[in-house]
Structures are given as C-alpha cells and as structure tokens.
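J.: Dropping the structure in here first, questions after.
The values are calculated or read from the model by the stated rules, or taken from the named source; none is laboratory data. Small disclaimer: the values here were computed from a predicted structure and weren't measured. Counting neighbours? That spans all protein chains shown, and the Cβs are built from the backbone with ideal geometry, glycine included. Ligands, DNA and RNA are stripped out before the accessible areas are found, and what is left, the full protein with its side chains, is counted by its heavy atoms. Shrake-Rupley method; radii C 1.70, N 1.55, O 1.52, S 1.80 Å.
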Amino acid sequence: METRKLGNSDIKITRVGYGAWAIGGSGWEFAWGAQEDADSIAAIHRSLELGVNWIDTAAVYGVGHSEEVVARALKEWRGPRPYVFTKCVLRWDEKGNVRKEFKAASIRRECQDSLRRLQVDTIDLYQIHWPPDDNGPGLEEAWQTLAALKKEGKVRWIGVSNFNAQQIQRAEKIAPVTSLQPPYSLIRRQIEAETLPYCEKQGIGVIVYSPMASGLLTGAMTRERAAALPPDDFRSRSPEFREPRLSKNLELVERLRQVGVRHERTPGEVAIAWTLRHPAVTGAIVGARNAKQADGVMRAGELKLTADEIAEIEGVAAAVGVR
C-alpha cells in the first residue's frame, strides 16, 4: 500500500488505517452495539494482511475494552507490527457515562492505563480526543501534559482530535502538533473551509474519521436496517439515520454505488477514496467488525477518482447540503 509521512513525525502510514471504535462493544455511552471479540481480532488480522500499517483506538472505546482487544490481536499477529494510536481526556463512570477530564494527573493515569492495556512500552501517537466544552485553559494543561509524556518517552508523537484551527494554534504555542483527527465525509464537510487548509499550510498530518459516516455510506445500510438499530447503538439517535436526512443520504449512496461499479468497488470504498482526494488528508480511519467487512474497505486507498467522478458524486452531495 502507498504510504505518506504523518505530519512532523518519522511515521509513514498507509492511506487507510484500522479504526477500533466499534470493536469496543456495548455497555457505554457511544457504543455501536454488541460485538464478538473473535470477529474483532479477525478483522484486525485481515486488515493487516491487506497491508494496513496502523490502528487507531482510544481508552474510552468500550471503556478500555477496545485497547485490550487490539493488544490480543497483536499478540497473535506474526507479521510486521503496526503503529498503534490511542487517545485521552474521555473518562467514564461505572455506568459507562463519559465525561471530559483535562487535568495533568488524570491524563498521566490514562496514559499508564493505556500502556498497560495495549501491552506496549511506548504509544506511537497519543491524541487529545476532544477539546474542552468551554474552550478553556484545560486545553493548554492537557497539551503541556502530552508534551511532557513525549519528552519522557512514554509516547512517540502527539496529536489532537476534533480541534478547530484556532485550538490547534493554541496548542502549537506549547509544542508542535503532529496530527489532527477530525470527522470528514461527503455529508460532513465543515473542515474544508478553514481547518484542512490550515493543517496543509502548517504541515500537520490529518487522519480523518468516519469517512463512511459511521456506516451510512457503506452501501449496506438500508431504511429497514436504520429503523432496527438497537438502543445500545449510538447511531439509533443520530439524525443522519432518520428522516428527512436518511432518504437524501441513501440517494447519495446510490451515486457512490454507480461510480463503484465502474471500478468493481463498494460504495464505502468510493466514499473513503473521496476523502483521500483532498491534498491535506494523510489517511482515513476505517472500521471493520469482521474479516469480510475488512475485505470490502481496507484497500480503498488504491482507488483514484477522476475529476468527473468527483463532480458526479458531489453533485448529489451538494443537493444533500453541507452539514
């Protein structure tokens, strides 16, 4: 697979990385529903077999369970070891309810817990998962802590997730930002106006998440399946999976499907390739809950869309409206 250098780091990542959000399983606030660990491990192994060289997880995914599953998968893996990225500042209570915590002592505990669960001595990329809700000085305290962890050798590189350009600038006054992890898809394009151009200008790597809009653009989501999403799947509460947006989103999937047929690719692969067309985007985080799903999406980085195909896809995207 083609690789690209991630920001100011010495890491070269494949255009697609394995996203470990859904494999955390149920029992917490932003779960995707129940998940079998054996399927998760098979999905990770298949992704690595296909050439993927990085895994993105977070402490909060499955309240620690995702990191543990990643560690199990890598313990059984006999090929080249992938890079492992994880995140901090989202803590949880005994009921799986999530809160943000930016204090240095809390982040240090999180880092130690992640190192233990992942069974590694160093985290390749450690990221602040979200900025403070009040946009306050917790941002600076958290970033100073990550910079200190880097100096101490507990993490190799440090990045942010869900930050805007102004928040990245604040972090840069303390220590260089290696990467940004924002949401980006055909139905979520806000970062194109300011954030992506800023990252491109500053040489900050961008690894986008939800390029298939949490499964909505895979081609497997139907009106019936959306209606039947269980209560422990956060998507059941998302307006994108409900009317009036659902019908417009499924129309977009049909346009993706038409383009995909020409390349013998799935709608999901076309949706991922669309995000990778942007010069500021280093890679896309792609989830898979079993080996078959991995087969259907993990080589999307090889698909190069023409200008006409992008215009064809975006003609519908414009009708859906930028949200």
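J.: In percent, what relative contact order does the stretch 213-323 have, based on Cα pairs under 8 Å that are 6 or more apart in sequence?
T.: 26 percent
J.: Rolling a 1.4 Å sphere over the protein heavy atoms, what is the accessible area per residue of the chain, to the nearest Å²?
T.: 42 Å²
J.: Something else about it: On the protein heavy atoms, probe 1.4 angstrom, tell me the percent of accessible surface of the stretch 34-112 carried by carbon and sulfur.
T.: 47 percent
J.: Now, a different point. Hey, how many Å between the Cα centroid of the stretch 83-154 and the Cα centroid of the stretch 199-256?
T.: Distance between centres, Cα-based: 27 Å.
J.: Starting from the Cα of R99, step 7 Å along the direction of its Cβ; do the same at D113; then give the gap between the two resulting points in nm.
T.: Label-label distance for R99 and D113, simple model: 1.3 nm.
J.: Go through (i) 6, 27, 37, 24, 5, 0; (ii) 6, 26, 31, 22, 12, 4, 0; (iii) 6, 25, 34, 25, 9, 1, 0 and flag the label whose value is the computed P(r) over Cα pairs in 10 Å bins from 0, in percent for this structure.
T.: (i)
J.: Once you put a point 7 Å from the Cα of I310 and another 7 Å from the Cα of A193, both along the Cβ direction, what distance in nm separates them?
T.: 2.1 nm
J.: Can you give the Rg to Rh ratio for the stretch 231-315, taking only C-alpha atoms and Rh from Kirkwood? Each step should come with its number before you reach the end.
T.: On the way: Rg = 13.9 Å, Rh = 14.1 Å.
That ratio is 0.99, to two decimals.
J.: In degrees from 0 to 90, rounded to the nearest 10, what is the angle of the helix 138-151 Cα long axis to the longest principal axis of the chain?
T.: Between helix and principal axis, roughly 70 degrees.
J.: Can you give the charge dipole size of the stretch 1-108 about its Cα centre, rounded to the nearest 20 debye, using +1 on the beta carbon of Lys and Arg and -1 on the beta carbon of Asp and Glu?
T.: That gives a dipole near 500 debye.
J.: Can you tell me the 0 to 90 degree angle between the C-alpha axis of helix 267-276 and the longest principal axis of the chain, rounded to 10?
T.: That helix lies at roughly 50 degrees to the long axis.
J.: Can you work out the PRE-style zone for E152? Point 7 Å along Cα to Cβ, and I want the residues of the stretch 78-114 with backbone N under 11 Å.
T.: Only 104-113 fall inside the zone, counting backbone N under 11 Å.
J.: Averaged over every viewing direction, what's the projected area of the C-alpha convex hull for the stretch 1-125? Give it in nm², one decimal, please. Write down the numbers at each step before the final one.
T.: Working: hull surface 31.9 nm².
Projected area, direction-averaged: 8.0 nm².
J.: According to a simple spin-label model (label point 7 Å from Cα along Cα-to-Cβ), what is the distance in nm between M1 and W77?
T.: Roughly 1.0 nm, to one decimal.
J.: List the GluC sites (Glu not before Pro) within the stretch 91-193 that fall in a DSSP loop (any state other than H, G, I, E or B) and whose Cβ has at most 13 other Cβ atoms within 10 Å.
T.: On the way: sites: E94, E101, E110, E140, E141, E152, E172, E192; in loops: E94, E101, E152.
In loop regions of the stretch 91-193 (DSSP not H, G, I, E or B), the sparsely surrounded GluC sites (Glu not before Pro) are E94, E152.
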